[in-house]
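Please treat every number below as a calculation from the coordinates, not as lab data. None of these values were measured; they are calculated from a predicted model. Every residue, glycine as well, gets a Cβ built from its backbone with ideal geometry; the counts of neighbours run over all protein chains shown.
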Amino acid sequence: MEIKKELNGTTLILKIIGRLDASNAQELTGTLNSSLDGVKELIFDLADLKYVASAGLRALLMAQKRMNKQGSMKLRHVDETVMEVLEMTGFADLMTIEK
């Protein structure tokens, strides 16, 4: 997995590339913990995320809970395979997903 960060004022865009699973979900959690101070809008660009496992879903849920307190969070450009996982697990109902 690769994470590309772009901060525009109080908007943070995280582009997640590759696979988000147990072997690297902690890396995403660490990036979030060190990057969200002062962020009002968090956007995950998931166009190049090809797989997400339960550990990755947990990291997304933790980010959503934090952003509910300080702003908003969106998932953008969700790959079809990842979208299926989000729908099957009910995460699609918990998160704002944009095309």
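Note on the chain: with a GNM built from Cα contacts shorter than 10 Å, the maximum mean-square fluctuation among S23, S34, S54 falls on S34.
Taking the C-alpha atoms only, the angle from helix 25-35 to the longest principal axis of the chain is near 20 degrees. Among M83, M67, the order by Cβ neighbours within 10 angstrom, fewest to most, reads M83, M67. Helix 54-70 against the longest principal axis of the chain: what's the angle in degrees, Cα atoms only, rounded to the nearest 10? Tilt of helix 54-70: around 30 degrees. Estimated from helices alone, the mean residue ellipticity of the chain at 222 nm is -12500 deg cm²/dmol (sum of -39500 (n - 2.57) over DSSP H runs with n ≥ 4, per residue).
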